[in-house]
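Okay, structure first, notes after.
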Amino acid sequence: MNNFIEKQDNEIYDAIKGEEKRQADGLELIPSENYVSRAVLEANGTVFTNKYSEGYPGRRYYGGQDFTDEIENIARDRACKLFNCKFANVQPHSGAPANVATYFALLEPGDTILGMDLSHGGHLTHGSPVTNVTKVFNFVRYGMKDTETGEIDYEQLREVALKEKPKVILAGYSAYSRELDYAKFVEIAKEIGAITVADVAHIAGLIAGGVHKNPFDYGFDVMTTTTHKTLRGPRSGMILIREDEEIAKKIDKTVFPGLQGGPHMAVIAAKAVCFKEALDPSFKVYAQQILKNAKAMEEVLRARGVRMLAGGTSNHLILADVYGSLGLTGKEAQIVLDEVGITLNMNMIADDSRKPMDPSGIRFGTPAITTRGFKEKESTRIAELMLDVLENKDDESKKTEIRRELVALCQKFPIPASFI
């Protein structure tokens, strides 16, 4: 490939090369990150980035839309096939805008949304007071009944729903390691006439791969998701509607012109490619391996006495209480693991006594290492090395030794695609 970036902008070229080396020589354990294929990477950098396409296929505001319409229609059709629904909006720029668009489409200012408590695994857009949506809508919360098993308190959920009468009941999470009982959400929603929305940003790939339940199979009305986590696509989002055409029309109008301008057509092209990849039978094998690798890591933590929220994992991520188990804050753990090339994120745990920027926990997962080809053996070793680092955080010799082992391991399992 001709390195036009290097010739034109050496500073940016050097930063890109530096990031490629960081990714190639280190382990990505942030559960919301992944590696895209060469095809997705190429689609994301095509001439579609030049084109304004405000509107929807067949209803654009600008001319010259023959191929943009084709791209968007393909993406929508593949998304519907992948998640077994009738309607898809593939224009949201990311997961948070997808959630916000869904709220504005379904609700009036002041209406109530019932979602998971942030400290129990919910997402910022599910009602954190730092977000602007809380100035518009009234958020009430449910959480875990038992933080040691991860069981959701469905009795509390129902009691809050009956009392607050939310117009939307929201299922989904950002740092929760078990599956949800979607049938119970639907049952409670029917009691009060609420719309059900599932935020599946973290587990979309697990649903597509057939290893996690699809909320639509249990009667959910809407799903929102990112496309760059377990789904292994470009950094973006989408909204899926099971069958209600009126809801689909409201969502379309809210995404554009309500909240966004022109869609990012190069990204939509990349989404279409990733949807095709996820429809291939090999993706099911990938999704199965994500869970196997997470279980392998769980076994190591349990054997070495590290407390895991919800007692372990049934999905792609683990939330560990390192402050209670090892005497390190989540921030300290993140920093020391970064030093040896293991990237994960500090995270609050349920009922955390510490602050968000220096919490008690760390969150890590297996989507990215599974993409590289890691199996249970390698995942077990990674978990062992993680704990070795945390237990010997001041031993520079030990950390250097571990860093060398990790680089050698990474070289055996290269990342799927580089840009330059």
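The values are calculated or read from the model by the stated rules, or taken from the named source; none is laboratory data. The model shown is predicted, which means the values in this text are computed figures rather than measured ones. Every residue, glycine as well, gets a Cβ built from its backbone with ideal geometry; the counts of neighbours run over all protein chains shown.
Summary table
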read-out: Qualifying residue in region 188-207 (condition: touching a residue at least 24 places away in the same chain (Cβ under 8 Å) and basic (K, R)); value: no
read-out: Tabulated pairs, region 96-115, first in contact (Cβ under 8 Å) with a residue 12 or more places away in the chain, second among the small types (G, A, S), C-beta under 6 angstrom, 6+ apart or interchain; value: A98/G237; L114/A161; G115/G122; G115/G127
read-out: Residue list for region 351-382, restricted to those being of a type in the set (G, A, S) and either surrounded by fewer than 23 Cβ atoms within 10 Å (Cβ to Cβ) or modelled with pLDDT under 95 (or both); value: S353, G373
read-out: Count of residues meeting criterion [in a helix (DSSP H, G or I), among the polar types (S, T, N, Q) and within 30 Å of K250 (Cβ to Cβ)] in region 42-59; value: 1
read-out: Condition met for G305 (assigned to a helix (DSSP H, G or I), out of contact with any Gly (no Cβ under 8 Å at 6 or more places or on another chain), without any contact (Cβ under 8 Å) to a residue 40 or more places away in the chain and farther than 19 Å from E33 by Cα); value: no
read-out: In region 51-80, the residues that are touching a residue at least 24 places away in the same chain (Cβ under 8 Å) and basic (K, R); value: K51, R78
read-out: Selected residue (only one of K249, K276, K271 is surrounded by fewer than 19 Cβ atoms within 10 Å (Cβ to Cβ) and within 30 Å of S379 (Cα to Cα)); value: K276
read-out: Answer residue from region 116-159, given it is in contact with a Ser or Thr (Cβ under 8 Å, 6 or more places away or on another chain) and of a type in the set (S, T, Y) and is surrounded by the fewest Cβ atoms within 10 Å (Cβ to Cβ) among those; value: T134
read-out: Checking H316 against (1) modelled with pLDDT of 95 or more; (2) farther than 21 Å from I415 by Cβ, the condition it does not meet; value: (2)
read-out: Counted residues, region 149-158 - those being of a type in the set (D, E) and out of contact with any strand residue (DSSP E or B) (no Cβ under 9 Å at 6 or more places or on another chain); value: 0
read-out: I113 vs. criteria at pLDDT 95 or above, in the same structural domain as P257 (by TED's automatic domain parsing) and surrounded by 23 or more Cβ atoms within 10 Å (Cβ to Cβ); value: yes
read-out: Qualifying position, being touching a Cys at 6+ places or on another chain (Cβ under 9 Å), assigned by TED's automatic domain parsing to the domain that holds V255 and touching a residue at least 60 places away in the same chain (Cβ under 8 Å), among F87, F48, F83; value: F87
read-out: Residue within region 60-67 that is in a loop (DSSP other than H, G, I, E, B) and touching a strand residue (DSSP E or B) at 6+ places or on another chain (Cβ under 6 Å) present; value: yes
read-out: Residue, nearest to A105 (Cα to Cα), within region 212-231, restricted to residues that are under 16 Å from the mean Cα position of the chain (by Cα) and of a type in the set (A, V, I, L, M, F, W, C); value: M223
read-out: Residue in region 29-41 that is of a type in the set (S, T, N, Q), within 15 Å of P416 (Cα to Cα) and part of a helix (DSSP H, G or I) present; value: no
read-out: Residue under evaluation K7, criteria (1) surrounded by fewer than 20 Cβ atoms within 10 Å (Cβ to Cβ); (2) assigned to a helix (DSSP H, G or I); (3) out of contact with any Phe, Trp or Tyr (no Cβ under 7 Å at 6 or more places or on another chain); (4) at pLDDT 95 or above, criterion not met; value: (4)
read-out: Residue among E28, E72, E33 that alone is under 29 Å from D199 (Cβ atoms), surrounded by 17 or more Cβ atoms within 10 Å (Cβ to Cβ) and in contact with a Lys or Arg (Cβ under 8 Å, 6 or more places away or on another chain); value: E33
read-out: Hits in region 129-175 (condition: in contact (Cβ under 8 Å) with a residue 40 or more places away in the chain and within 15 Å of L106 (Cα to Cα)); value: K165, P166, K167, V168, I169, L170
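Matching residues to (1) hydrophobic (A, V, I, L, M, F, W, C); (2) within 27 Å of Y52 (Cα to Cα); (3) free of Cβ contacts under 8 Å to residues at least 60 places away in the same chain:
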residue: T254; (1), (2), (3): no, yes, no
residue: I268; (1), (2), (3): yes, yes, no
residue: Y286; (1), (2), (3): no, no, no
residue: L301; (1), (2), (3): yes, no, no
